[in-house]
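Nothing in this text is a laboratory measurement; each read-out follows from the coordinates by a stated rule. Just so it is clear, the structure is predicted and the values come from calculations on it, not from any experiment. Heads up, the Cβs are rebuilt from the backbone with ideal geometry, glycines too, and the neighbour counts pull from every protein chain shown.
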Amino acid sequence: MNLPAEFITKYQKLLGDTAPAFFAAFDEPVEKGFRVNPMKPVTPAMKAKMTMPISYSPIGYYGKVNGNALEHLAGAVYSQEPSAMTVGEVAKPALNERVLDLCAAPGGKTTHLLSYLQQTGLLVTNEINPKRVTALGDNVERYGARNTVITNETPAHLSKALPGFFDRILVDAPCSGEGMFRKDPDAMQYWTPAYPAECATRQREILMETVKMLRPGGHLIYSTCTFAPEEDEQIIAWLLQTYPEFELEPIEKVAGMVDAKPEWADGNPELAKAARLFPHLMRGEGHFIAKLVYRGSVEPKEPRLVRDELKPEQRQLWERYAKQANLTDLPAWALQAHGDQLYGVPAMMPVTRHLKIFRAGIQLGTFKKNRFEPSYALALASADLALPSLAIDHQQWEHYVHGETFQLATTGKSGFTVLTCAGLPVGFGKVVGRTVKNFFPKGLRFLATDENTQL
Ligand SMILES: C[S@@+](CC[C@H](N)C(=O)[O-])C[C@H]1O[C@@H](n2cnc3c(N)ncnc32)[C@H](O)[C@@H]1O
C-alpha cells in the first residue's frame, strides 16, 4: 500500500524497530468480523459461521456476513471489524443504566451497547450528521431495540438538554482514521501531517461537552480508529490535566492489545492504563481506547420524565390491538402519538425541548380509521414478546421480502401475525383465510434468491 511519505516518517520515529512490521500490516488482508445479537435466536446458518470466536468478546466472531442474508436483515448479526469490538466490551453497560453513544453512526458500537443493556435502561444514540443518522436508525430498528432514543444533535445542544444525566458515555470520536487505511484506502486522501491536530481540536470540543453530561461516578469511554498520538494519548493527557475529577481505569490487555504510550503524550504513567490495538500485533484494523471514571461531586437535579401523550380514541385502538397481540405486560414505555404514528418512548427518557430527535423509542404502528396497524419495527423487536406468530420457510421469506403475498396450506388465525423464519421475526403479515398479505416495508423490498441471501 502506498502510505503517505510523512506518515511513514512519523511512525518510523514513533515506533522505531517495530515500524517495519507496522507498515507491512497495511499490505495484509483486512480482518472481518461479526457480532451475534444476544436478544435474538441463533439460526443454523449462524451456528455454521460461528466457528472462530473472538477471545475478548463472547458475542464476536471472525468471518464475513452477507448484508442481504436473512440473519442480517432480521438483526441477528452485525458486521464489525474485530478491533472495533473491543470498544463495546470495554464500555459494557450494566442493566438499567442511562447510556449515551455520542458519535454513533452507523451504529456498530450502539448495537454492541444494546446487546448488554438487553432492552433495559436507556440508550440515547446520537449522530450529528443528518445523512448518517438514517443508517443508524435502520441498524437500531433491525437490532430490535425498544429502549433507544436517536438524536441528530451537536454535543453542545445535548449537554444543555441532559446535564449530569448519564451513567456511561461513549465517545467514539471522529478522527483521522489511520486505522481505516487498509479497509478503505480512500481514507488516505484526507490525511495530511496537520490532520491529526485538526481532529484533536474537534475531539477536545466534543469532550468539553461530554463532561457536562456525566453523573458523579459515571464512566467515559473514549475511542478512536487512528494511531495518531495527538488524538489518543495526548487527548487523554489533556482531559486529565483539564478535569482532575477524571481517573483512568485499567483496560485488560488481551489478544495482542498493548498499553497506551505515556511517552507519546506528557509522560503521565497513568496513560498506560488505556489500550492500543495495532494491526501488526492483533487481528484487527487498529483502535485506541481509554476508560475513565468521573469523580465529580455535584449531584444533578432529576429531570422530569416522558409521559403518555395519546388521545382517548388512540388509546382505545392501541389497547385493543395490544390485547389481541398478547402485549399485556408492556415494556417500560410512554406511549406517544405523532400524527397517526404511535411510538413507545423509553420511560426513562427525560422531557427535552429543542432537541432534534430522529426517533424517540420504537415506532409501534399506525392509527388507521378504526384500527391499529402494527409496524415492521415492532415485529423486529418482538423476539422475546408473545405476539401471535407464524413460521415460514426460507423460500416463503424470499417471496415475502420481494413483496409477494403467499398461501398457507390451511386456513390460519386471522389478523396481524409476526412472520418468523428460522425462529427470527422478519416482519408482519396479515392472515386472511389461507392468504398471507404482505406488510414488508415497500422501501426495503428486493429480489432475494438462495444465492444472494447466503449468510
Ligand atoms: C468513528 S465515527 C462513529 C462510528 C460509530 N461509533 C460506529 O461504531 O459505527 C464518528 C462519528 O462522529 C460524527 N461526528 C463528526 N463530527 C462530530 C462532532 N463535532 N460531534 C459529534 N459527532 C461528530 C461523524 O459524523 C461520525 O459518524
### Query
Roughly how many Å is it from the Cα centre of the stretch 140-186 to that of the stretch 100-135, as a whole number?
6
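Do the sum for the chain: with -39,500 (n - 2.57) for every DSSP H run of n ≥ 4, divided by all residues, what is the mean residue ellipticity at 222 nm, to the nearest 500 deg cm²/dmol?
Helix-only estimate at 222 nm: -7500 deg cm²/dmol.
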### Message
Just want to confirm a number: the relative contact order over the chain, from Cα pairs under 8 angstrom separated by 6+ residues, in percent.
### Response
15
### Query
With charges set only on the Cβ (+1 for Lys and Arg, -1 for Asp and Glu), what does the dipole of the stretch 93-182 come to about its Cα centre, in debye to the nearest 20?
60
## Note on the structure
Given Cβ charges of +1 for Lys and Arg and -1 for Asp and Glu, the option among L158, G412, P20 whose Cα lies farthest towards the positive end of the dipole of the chain is G412
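Going by average Cβ density within 10 Å per residue, which order do the peptides 107-120, 248-261, 368-381 take, highest to lowest?
107-120, 368-381, 248-261
Explain nothing, just the number: dipole magnitude of the chain about its Cα centre with +1 on each Lys and Arg Cβ and -1 on each Asp and Glu Cβ, in debye rounded to the nearest 20. Before the final figure, lay out the partial values.
Working: 49 positive and 50 negative charges, 401 e Å.
Roughly 1920 debye for the chain.
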### Task
Give a residue-ordered list of calculated ³J(HN,Hα) values for the stretch 59-73 (Karplus: 6.51 cos²θ - 1.76 cosθ + 1.60, θ = phi - 60°; whole Hz; x for Gly, Pro).
10, x, 9, 6, x, 10, 10, 8, x, 8, 6, 3, 5, 6, 5
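With a 10 Å Cβ neighbour count serving as the proxy for reagent exposure, in which order, fewest first, do K212, K40, K64 appear? Spell out each step's value before the answer.
Working: K212 17, K40 23, K64 11.
Sorted ascending by nearby Cβ count, the order is K64, K212, K40.
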### Query
Lys/Arg Cβ at +1, Asp/Glu Cβ at -1, dipole of the chain taken about the Cα centre: which of L447, L214, G403 is farthest positive-ward?
G403
### Global form of the stretch 383-424, assessed from the alpha-carbon gyration tensor, a/c cut-off 1.5
oblate
### Message
Whole-Hz ³J(HN,Hα) for each residue in the stretch 245-253, computed from phi via Karplus 6.51 cos²θ - 1.76 cosθ + 1.60 with θ = phi - 60°, x for glycine and proline: what do you get?
### Response
6, 8, 10, 6, 10, x, 9, 5, 9
### Query
Taking amide H positions as placed 1.01 Å from N in the peptide plane, with prolines and chain starts having none, which residues 5 or more places from L390, or on another chain, fall under 5 Å of its amide H?
V418, L419, T420
## Note on the structure
Residues whose built amide H sits under 5 Å from the amide H of E249, excluding neighbours closer than 5 in sequence, are K291, L292, V293
### Summary
If each part is reduced to its alpha-carbon centroid, the stretch 295-319 and the stretch 364-389 end up apart, in Å, by 21
### Message
Of T148, A255, L310, which is farthest towards the positive pole of the chain's charge dipole, taken about the Cα centre with +1 and -1 on the beta-carbons of Lys, Arg and Asp, Glu respectively?
### Response
L310
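Take E178, E245, E451, E28 and order them by how many other Cβ atoms sit within 10 Å, fewest up front.
Fewest to most other Cβ atoms nearby, the residues stand as E451, E28, E245, E178.
Kindly rank 439-447, 405-413 from highest to lowest mean number of other beta carbons found within 10 Å of each residue.
Numbers: 439-447: 13.6, 405-413: 11.3.
Output ranking for 439-447, 405-413: 439-447, 405-413.
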### Query
Relative contact order, percent, of the stretch 1-97 when contacts are C-alpha pairs under 8 Å separated by at least 6 residues?
29
### Message
Can you give me the C-alpha center-to-center distance between the stretch 409-455 and the stretch 197-232, rounded to a whole angstrom?
### Response
44
### Query
How high is the relative contact order of the stretch 291-360, in percent, with contacts defined as C-alpha pairs under 8 Å that are six or more residues apart?
36
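Which shape class, rounded, prolate or oblate, goes with the chain when its Cα gyration tensor gives a ≥ b ≥ c as root eigenvalues, a/c under 1.5 marks rounded, and past that a/b bigger than b/c marks prolate? The partial results should precede the final answer.
Numbers: a/c = 2.48, a/b = 1.50, b/c = 1.65.
Taking the square roots of the gyration eigenvalues as a ≥ b ≥ c, the chain is oblate.
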#### Entry: Residues whose placed amide H lies under 5 Å from that of L305, excluding near-sequence neighbours
V351
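Quick one: dipole size for the stretch 113-253, taken about the Cα centre, charges +1 on Lys/Arg Cβ and -1 on Asp/Glu Cβ, in debye to the nearest 20. Don't skip to the answer; put the middle values down first.
Working: 13 positive and 20 negative charges, 95 e Å.
Its charge dipole is roughly 460 debye.
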